[in-house]
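Shown next, in structure tokens, is the structure this report addresses.
The values are calculated or read from the model by the stated rules, or taken from the named source; none is laboratory data. None of these values were measured; they are calculated from a predicted model. With ideal geometry, Cβ positions are generated from the backbone for all residues, glycine too; neighbour counts draw on all protein chains shown.
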Amino acid sequence: MRILKPFILLFLAISLFACKKDDPKEIVPPGTLFNSHNISTDKAAYLPGETVVFKALKNVPASAKIRYRHLNQLLEEKDVSSNEWQWTPPATDFKGYLAEIYITENQSEVVLASIAIDVSSEWTKFPRYGFLTKFPQLTSLAVSTVLDNLLRHRINGIQFYDWHFDHHKPLAGEVYQPAAVWKDIANRDNYFATVKAYIDGARKRGMKSMSYNLAYGALNSAAADGVSEEWYLFKNANHTEKDYHPLPSPMFRSNIYLTNPSDADWQNYLAGRNNDVYQVLDFDGFHIDQLGNRNHNLYNYNGQVVDLPSAFNSFVHAMKNAAPSRYHVMNAVNQYAQQQIAASPVDFLYSEVWNPNNSYQQLAQIITDNDAFSDHTKNSVLAAYMNYDLASGQGFFNTPGVLLTNAVILSFGGSHLELGEHMLGKEYFPNNNLQMRGDLRDAMVAYYDFQTAYQNLLRDGGEMNNLSVQCTDNKFQVSAWPPQSGKVAAFGRMLSNKQVVHLINFGSATSMLWRDNNGTQPYPQKYSEIELDISSERLVKSIWFASPDHQHGVPVALDFSQNGAKVSVKIPVLYFWDMIVLEF
């Protein structure tokens, strides 16, 4: 439900367009030396058998070598002889890989950079979702700059937020003559050429483009465009009071009046308008939004109560039947109707998280619930807006707050909708009051590489489990999930021949609320050379460690000993989040 709440509209109308006084020292990403920011690939995901083209934006040191890995398995190693090279991964579908560039200094290896590669024939298997919010006149360089940044974060699908004209008539103009420019609902100018350039540029980079719209929205001009009075939702049984979402004038062109998502005539009408769009703008699919629980009875024109969750299920089926080759995803606002949406032909699950789902435990539970709702067949993306109150004014995102939340989301197998032309702090996506400091910019690249490289451990089956983990050198206290302030949370995922152990450092946390509303969550203490005992009934063959906070996510083999059901191991570091893998 990324339509603005009325009580914050006036403030944002002012703050959105206020001039920023940027501090270049804070917001320019590091990159004076060769590092992970300076290496790119030509696509966000590859079909099995496709060749990956790598490009270094800074000169690679002459002595550098590159390794390619799947998890901890070394696949290939060679010299890096130029700033552009190629590699063809194994042809197995739905696998993640890590390319690691390193040099040797004083007989020790130094990792300079890494980048993840996703080989997947369908992006919806491992969705990493981003967004776009602004479609003014843009140069091709400006479009490429935005898309290349999303590409570097391995984003494989993009939600085009409020790109459209009217909710009930998303294409401005006609198929035979689409408008060159139109006003969106917030009276911003959107340009056809910009929308098309983004779609074309995304496709070139192996990224999918999703057209955003409500399932049931019509503006005050809808009757003239063929929307029947009989298609609306009403607050009373005698159809005299339409349900609507109020938006203040003149900032917004109209209130949004709600139609009945289960009405077959409305479904056919909107499917037709979507087809108009697909004929001139080749979106890959439809991102369907809703407004959550309306908290009052809703009636159709004939006075019958409408069961909105069931209506959403019906709507998704109708959209898929009308456009079977397109992708479909639907927002479950605070999990409203998620069970019914999960049973519909959506390609993955999308949850916009609100009160009362405020704790880290509740955030993780949404991913677990979604997994169960879809019978373990659909992965999750969470629209979870960080530093929400702080984002009402100018400033910076709080790095530790963002990274702790991302650690929870990614370790439980989800992904976080947060990156577009800027990072999200509000449900109205154009809000860009907060920017990222340099350490967060570095970390975001590492975290997105990490979730891609290790997607087969993070979100490719298995079963979440708790297991006994003890810190035997007393550097910190360990608690099983759910997490506790002042302790390191330990939990795992069991796969057929691997036990994954996650450690998330809440040792310095002053709040267990994931949103970090005012940006006050402190940095955790960083621990080194930590001795652990981990329970395992099975005989362990090998153990390795990886962290987005350490050595560009590159895996590290660990020495260990096993005495019965107790495995003793030393890990090199814990900052925000570690992953330990026991192989049997």
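So here's what we get for this one:
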item	result
Test: residue in the stretch 468-476 that is in contact with a helix residue (DSSP H, G or I) (Cβ under 9 Å, 6 or more places away or on another chain), β-branched (Val, Ile, Thr) and closer than 23 Å to Gln361 by Cβ	no
Residue that is nearest to Leu74 (Cα to Cα) [pool: residues in the stretch 525-554 that are within 24 Å of the chain's Cα centre (by Cα) and not aliphatic (A, V, I, L, M)]	Gly553
Residue list for the stretch 179-197, restricted to those being in contact with a helix residue (DSSP H, G or I) (Cβ under 6 Å, 6 or more places away or on another chain) and buried (at least 19 other Cβ atoms within 10 Å of the Cβ)	Ala197
Leading residue by the ranking (surrounded by the fewest Cβ atoms within 10 Å (Cβ to Cβ)) among those in the stretch 220-276 that are over 15 Å from Asn297 (Cβ atoms) and in contact with a Lys or Arg (Cβ under 7 Å, 6 or more places away or on another chain)	Asp225
Residue count for the stretch 77-122, restricted to those that are of a type outside the set (A, V, I, L, M, F, W, C), surrounded by 13 or more Cβ atoms within 10 Å (Cβ to Cβ), closer than 19 Å to Ala453 by Cβ and in contact with a Lys or Arg (Cβ under 8 Å, 6 or more places away or on another chain)	6
Count of the stretch 9-60 residues which are at pLDDT 50 or above, charged (D, E, K, R) and out of contact with any Ser or Thr (no Cβ under 6 Å at 6 or more places or on another chain)	4
Output for the stretch 364-384, where each listed residue is closer than 24 Å to Tyr161 by Cα and surrounded by 22 or more Cβ atoms within 10 Å (Cβ to Cβ)	Ile366, Ile367, Asn370, Asn379, Ser380, Val381, Leu382, Ala383, Ala384
Total residues in the stretch 274-295, condition in contact with a strand residue (DSSP E or B) (Cβ under 9 Å, 6 or more places away or on another chain) and not in a helix (DSSP H, G or I)	14
Asp439 at pLDDT 95 or above, surrounded by fewer than 21 Cβ atoms within 10 Å (Cβ to Cβ) and not in a loop (DSSP other than H, G, I, E, B)	yes
Per-region count, the stretch 123-137, residues farther than 19 Å from Phe450 by Cβ and of a type in the set (A, V, I, L, M, F, W, C)	3
Restricting the stretch 44-67 to residues that are surrounded by 16 or more Cβ atoms within 10 Å (Cβ to Cβ) and of a type in the set (Val, Ile, Thr), the residue that is nearest to Asp79 (Cα to Cα)	Ile66
Entirely in the stretch 513-562, the strands (runs of 3 or more DSSP E) that have 3 or more residues that are in contact (Cβ under 8 Å) with a residue 24 or more places away in the chain	527-535, 542-546
Given (1) under 30 Å from Gly157 (Cα atoms); (2) outside any loop (DSSP other than H, G, I, E, B), index of the condition Leu247 fails	(2)
Residue match in the stretch 131-153 (condition: crowded, with 23+ Cβ neighbours inside 10 Å, among the small types (Gly, Ala, Ser) and touching a residue at least 12 places away in the same chain (Cβ under 8 Å))	no
Any hit, the stretch 207-214, residues being at pLDDT 95 or above and over 30 Å from Asn260 (Cβ atoms)	yes
